[in-house]
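Working notes for the structure below.
The values are calculated or read from the model by the stated rules, or taken from the named source; none is laboratory data. Owing to the predicted nature of the structure, the values given are computational and were not obtained by experimental measurement. Here the Cβ positions follow ideal geometry from the backbone for every residue, glycine too, while neighbour counts run over all protein chains shown. Only protein heavy atoms, including side chains, enter the accessible area calculation; ligands, DNA and RNA are left aside. Shrake-Rupley method; radii C 1.70, N 1.55, O 1.52, S 1.80 Å.
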Amino acid sequence: MPAEASRPQRAGGKHDDTQWHGRASGGERLGAPGVMRKGERGVTWFSRLWSGRQRAQSSAGQGAAISGEGATSGVGASAQRQAAAGPFESGGKGMTTIGFVGLGAMGGRVAKRLLDAGYQVTGYNRTAGKAQWLVDAGMRLADSPRAVTEASDITFSMVSNTAALLAVFEGPDGILSALGPGKVYVDMSTVSPAASRKAAEQVAARGARMLDAPVSGSVVTLEQGKLSMMIGGEKAVFESALPVLNAIAPVVNYVGENGQAVLMKVAINLNLQVQMMGFCEGLLLAEKGGIPRAVAMRALLDSVIASPSLKYRAPFIIEAPDEVWFNVTMMQKDVLLALEMGRQLETPMPVTALSNEYLTAARAMGLAEHDFYITFQVLARMAGVKAEVAALAGDGVKPASQEAQGAM
C-alpha cells in the first residue's frame with residue numbers, strides 16, 4: 001500500500017499530520033514533529049536529501065525559489081537552500097572542520113564526541129591546561145575564539161551565562177570577528193533569548209548563519225549518548241548541519257527561529273529545580289516519619305515520579321558526586337531567566353518563583369558551589385533533620401568553578 005494511503009486520520013476524515021510527520025516510508029514511528037533521531041530511517045532519508053552531489057543532480061532544473069528562513073519544501077528547494085547555507089555540500093566528515101569554544105565539564109565532553117565521530121576539531125578554553133586531555137585525543141588548541149573560527153566551517157560555543165558568551169563572541173579576538181559567508185556559528189549555551197537573537201542578527205550581518213542549540217541532559221546522559229538537543233534558526237541551516245548535530249545528540253528537535261531553542265531550554269530547566277524540591281519534600285516527610293533515608297530514596301526512585309534527572313541527581317544526597325556538574329548559582333541563573341520570561345510573556349509561575357527562594361537560601365548558607373540538589377539541606381534544616389547530605393559530611397565532593405561547568 002502506498003505510504004500516503006496509510007496516513008492516520010482525525011475525526012471527520014482529515015489526515016493527522018501531527019502523527020504522520022514522524023513516520024518514514026516503511027511505516028515505523030520516528031517521534032514527534034521536527035524530531036530527528038540518529039540511526040532511524042527518517043534520518044537516513046534526511047541525510048540522502050542533505051547529501052550535496054546526489055541532491056543537486058536529482059534537483060537539476062526544478063529551481064524553486066528561496067525566501068529568507070524559508071519553509072519551501074521539495075527536493076529542488078532543499079538543494080538550493082543547502083547551497084546557500086554553507087560549506088557542507090559534500091557531506092563528508094573530512095570536508096567539515098569543527099571549532100569549539102568553552103571546554104568545561106559539558107563542552108569538553110561534547111568536543112570529545114565530535115573527535116570520536118571523526119571530525120577535525122579546533123578548540124579554545126580560557127584555561128588552556130584544562131583542555132590538554134582533548135589535545136591528547138587529537139584536538140588542535142587555538143589561542144583565541146577568533147583563531148578557532150578562522151579554522152572552522154562550523155564553530156560551537158558552550159559557556160556558563162550571557163556575560164561569558166559575550167566575552168568569547170565580541171571583540172577583536174571574538175568569534176564574530178572571524179565569521180563570514182559560508183560559515184555557521186552554533187551556540188549551545190543557556191542564555192537570554194534576547195541576547196541570542198541579537199547575536200544571530202550580528203552573525204547574519206557578516207554573511208554567516210547562527211543556530212542556538214542548547215542540550216538537555218548532564219555529563220551522565222552525554223557520556224551515555226542520550227542527550228537531546230533543541231535548535232533555533234533557519235531551517236535550511238539546521239538541515240545542513242544535522243549530521244554534525246547528530247554526532248552530539250541522537251535526538252534533535254527543530255523548534256523555530258533564532259532564540260526559540262534557548263526559550264525551550266529555559267522552559268525545560270525550570271523543571272529541574274521544581275522537581276527536585278518536590279522530591280526533597282517527599283523524602284523528608286518519609287524520613288521524619290521513621291523510614292530510613294536510603295530506603296525512602298529507593299522507593300521514590302522506583303516509583304512513577306522518578307524522572308531521568310531525579311534518577312541521576314537525587315542519589316547525590318546519600319553519596320556525594322566526584323565533581324559538581326551544575327551548581328546552585330548556575331541553576332538559579334536559569335530559574336531567573338525563566339521568571340523574567342514569565343514576566344515578559346505574562347505567564348504566572350508561582351511554583352518556579354517559590355523554588356527559587358530555596359536556591360537563594362542555599363546561597364545564604366554558603367552552599368552556592370555545590371550541585372543544586374543541595375537544596376535538600378535547606379529543607380532538612382527547616383524540618384529539624386540533623387543528618388546532613390553526604391557532601392557536607394565530608395564525603396568527597398569537589399565544588400567546581402562556573403567555567404568548568406556546562407549546560408544541563
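Just a few scattered comments:
- Here the Kirkwood formula puts the hydrodynamic radius of the stretch 146-226 at 13.0 Å, using every distinct Cα pair.
- Value of Rg to Rh for the stretch 262-367 (Rh from inverse mean 1/r over Cα pairs, i.e. Kirkwood): 0.99
- The heavy atoms of Tyr358 offer some 40 square angstrom of accessible surface to a 1.4 angstrom probe.
- About the centre of its Cα atoms, the stretch 277-386 shows a dipole size close to 320 debye [charges on the beta carbon of Lys, Arg (+1) and Asp, Glu (-1) only; nearest 20 debye].
- A full extension of the chain between Val135 and Ala194 corresponds to an added length of 17.8 nm, given 0.36 nm per residue minus the alpha carbon distance.
- Taking Cβ atoms as reference points and 15 Å as the exclusive limit, the residues near Val385 contribute a net charge of +1, counting Lys and Arg as +1 and Asp and Glu as -1.
- Translational diffusion coefficient (Stokes-Einstein; Kirkwood radius from C-alpha pairs) of the stretch 117-177 at 20 °C, 1.002 mPa s, in µm²/s: 178
- As a calculated quantity, the FRET efficiency between Ser303 and Leu345 at R0 = 25 Å, using C-beta atoms, amounts to about 0.15.
- Surface calculation, 1.4 Å probe, protein heavy atoms: Glu388 sits at approximately 80 Å² accessible.
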